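Visitor: This structure is in structure tokens; I'll ask about it shortly.
The values are calculated or read from the model by the stated rules, or taken from the named source; none is laboratory data. It should be emphasised that the depicted structure is a prediction, and the values quoted were computed from it without experimental measurement. No Cβ is skipped: glycine too gets one built from the backbone with ideal geometry, and neighbour counts run over all protein chains shown. Areas reflect the complete protein model, heavy atoms only, side chains present, ligands, DNA and RNA absent. Shrake-Rupley method; radii C 1.70, N 1.55, O 1.52, S 1.80 Å.
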Amino acid sequence: MGGRGSGSVFVRCGCRDGHGGRRGALCPRLGEAGHGSWYFSTELPRRVDGGRRRLRRGGYITSAAAAAARDRLSVPVLGDPRDGVYTVVEWLETWVETRARLRDSTRRMYRGHIRLHFRGLLDGVLLRELHIGHVQDAFRRLFDEGMTAATARRLLSTPRSALNAAVRERLIPDNPSRYLKLPKGRRPFAVVWTKRRVQEWRRTGERPVVAVWTPAQLAEFLSSIAGHPLFPVYRLVAMRGLRRGEACGLTWDDLDLDEGIAYISRQLQQGADGQLRTCPLKTKSSLRAVALDPETVIVLRTYRSRQEGHFSEAGIKPQGWVFTHEDGEPLSPSFLTHQFNDLVEGTGLPPVRLHDLRHGAATLMLLAGEELKTIADQLGHSSVVLTADTYLSVAVELGLKTAEAAAQLVLKAARSPPGGGSVRRRNSPALAEITA
């Protein structure tokens, strides 16, 4: 783009001729004071593919106001080949591809937000002209389409981060998205696949957003896949609550099978190029030592023995990964997910996601009487509050046992009141009869 003042400034009106067409520059009243409004037109930096970009804006009261608006878009930005002139979508796409120190999974999420939503919602809006009204209108349309508050909050993270970067680079003076007030969204509560929910699912096909199996359903699943090559990894995830990337990132050096401990120190993620990469864990709290139950230790010992035998026969040099394909390459998280979905469908059990096995592992620990702090440490949560908020809702059996225990205490007190004797009036029914 040229320097300050490049482009043109002109006046136009909405008058029409006898055929209904706009008079444009031919309107004889354009010279009259107050008739029409002023516009500017300017050439923007070319697109990446070399195509021209011309910007036209109007509605200004004076030629000076139109020229000033044009000049604001003409201020060069040192070191920027585009002179700082971007549409919002162009900036989002530039930012997501050039931002350093971004996890591959997060970059994929941002790309998806831009591709699926913001290309359509903010198409043609210049970065320097973006204001809160644009952002409010975009999210209003998303809510009209049925988007939940929780999903909208996740989606807002993309423009908020990108526009913060634009402020730091002096492309815009402020970040309009930070003024957007969204409804408070709460993550969906996990629920248990009780008999009633299973019946409803079989009747309607509708399923909860987040659901976990009962211990009996989990046992049925593990029993049905006991001979499958991926049985050890799914058992480990189901019993100890590892994230899928953490399971894929395990090496045999991370396992102390004599002591029954798995040291979680890395994860595997798939990059945009499809290649697996070793990445840091999700949070600092994710770095942890996970206790293994004796049965899982036996499963892992047996699996290791078979793996070593296969590698020896096939002439494969082990790379140290615990869970691998037949060629010794580590499993990818997406592969684990796809295989899991196929296995679940084959069992006829109500559907759960692979990540729901992690929720189920927390439920098992709750039912076993573990303290929330211990569960939080084993899952790699940074706060006990997060653990309680996420998993207490799924402990249906625990709640039933607590209610039953409380009722038994009342019944016992009714049978044996303090001081001995009976407090029941003659011919009055016993509490047990009332509650029956």
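Visitor: Kindly establish whether residue 108 is out of contact with any helix residue (DSSP H, G or I) (no Cβ under 8 Å at 6 or more places or on another chain) and under 24 Å from residue 170 (Cα atoms).
Guide: no
Visitor: Quick one: in segment 150-188, of everything that is of a type in the set (Lys, Arg) and part of a loop (DSSP other than H, G, I, E, B), which residue is nearest to residue 358 (Cα to Cα)?
Guide: Among them, the one singled out is 187.
Visitor: Within segment 49-85, restricting attention to residues that are loosely packed, with under 11 Cβ neighbours inside 10 Å and part of a loop (DSSP other than H, G, I, E, B), which residue is modelled with the highest pLDDT?
Guide: So, considering only residues that are loosely packed, with under 11 Cβ neighbours inside 10 Å and part of a loop (DSSP other than H, G, I, E, B), the one modelled with the highest pLDDT is 61.
Visitor: Right, another one. Examine segment 123-137 for a residue that is touching a Pro at 6+ places or on another chain (Cβ under 9 Å), farther than 17 Å from residue 167 by Cβ, modelled with pLDDT of 90 or more and open to solvent by less than 60 Å² (accessible area, probe 1.4 Å), and state whether such a residue exists.
Guide: Yes.
Visitor: Looking at segment 204-223, is at least one residue among the acidic types (Asp, Glu) and open to solvent by less than 60 Å² (accessible area, probe 1.4 Å)?
Guide: No, segment 204-223 contains no residue that is among the acidic types (Asp, Glu) and open to solvent by less than 60 Å² (accessible area, probe 1.4 Å).
Visitor: Still on this structure: Tally time: how many residues in segment 280-308 are outside any helix (DSSP H, G or I) and open to solvent by less than 70 Å² (accessible area, probe 1.4 Å)?
Guide: Counting residues in segment 280-308 that are outside any helix (DSSP H, G or I) and open to solvent by less than 70 Å² (accessible area, probe 1.4 Å) gives 8.
Visitor: Could you grab me the full set of residues in segment 370-400 that are open to solvent by less than 70 Å² (accessible area, probe 1.4 Å), modelled with pLDDT of 70 or more and among the hydroxyl-bearing types (Ser, Thr, Tyr)?
Guide: Scanning segment 370-400 gives 374, 383, 387.
Visitor: I'd like the full set of residues that are hydrophobic (A, V, I, L, M, F, W, C) and part of a helix (DSSP H, G or I), limited to segment 189-227.
Guide: 198, 201, 216, 218, 219, 221, 222
Visitor: Also: Of all the residues that make up segment 228-266, how many are assigned to a strand (DSSP E or B) and open to solvent by less than 40 Å² (accessible area, probe 1.4 Å)?
Guide: Residues flagged as assigned to a strand (DSSP E or B) and open to solvent by less than 40 Å² (accessible area, probe 1.4 Å) within segment 228-266 amount to 4.
Visitor: Condition first: of a type in the set (Ser, Thr, Tyr), more than 29 Å from residue 351 (Cβ to Cβ) and surrounded by fewer than 16 Cβ atoms within 10 Å (Cβ to Cβ). Can you find one or more residues in segment 173-181 that meet it?
Guide: Looking through segment 173-181, at least one residue is of a type in the set (Ser, Thr, Tyr), more than 29 Å from residue 351 (Cβ to Cβ) and surrounded by fewer than 16 Cβ atoms within 10 Å (Cβ to Cβ).
Visitor: Search segment 349-361 for residues that are under 16 Å from residue 216 (Cβ atoms) and in contact (Cβ under 8 Å) with a residue 24 or more places away in the chain and pair each with any residue that is open to solvent by 10 Å² or more (accessible area, probe 1.4 Å) and acidic (Asp, Glu) when their beta-carbon atoms are under 7 Å apart and the residues are at least 6 apart or on different chains.
Guide: Hits for this filter: 349/220.
Visitor: Okay, next question. Take residue 246 and decide whether it is under 20 Å from residue 329 (Cβ atoms) and acidic (Asp, Glu).
Guide: yes
Visitor: Here's a follow-up. Hey, among the residues in segment 88-122 that are outside any helix (DSSP H, G or I) and either at pLDDT below 85 or in contact with an Asp or Glu (Cβ under 7 Å, 6 or more places away or on another chain) (or both), which one's most open to solvent (accessible area, probe 1.4 Å)?
Guide: 101
Visitor: Quick one: in segment 138-162, which of the residues that are in contact with a Lys or Arg (Cβ under 8 Å, 6 or more places away or on another chain) and open to solvent by less than 30 Å² (accessible area, probe 1.4 Å) is modelled with the highest pLDDT?
Guide: Among those residues, the one meeting the criterion is 149.
Visitor: Now, a different point. Being surrounded by fewer than 15 Cβ atoms within 10 Å (Cβ to Cβ), part of a helix (DSSP H, G or I) and at pLDDT 80 or above, is that true of even one residue in segment 22-32?
Guide: yes
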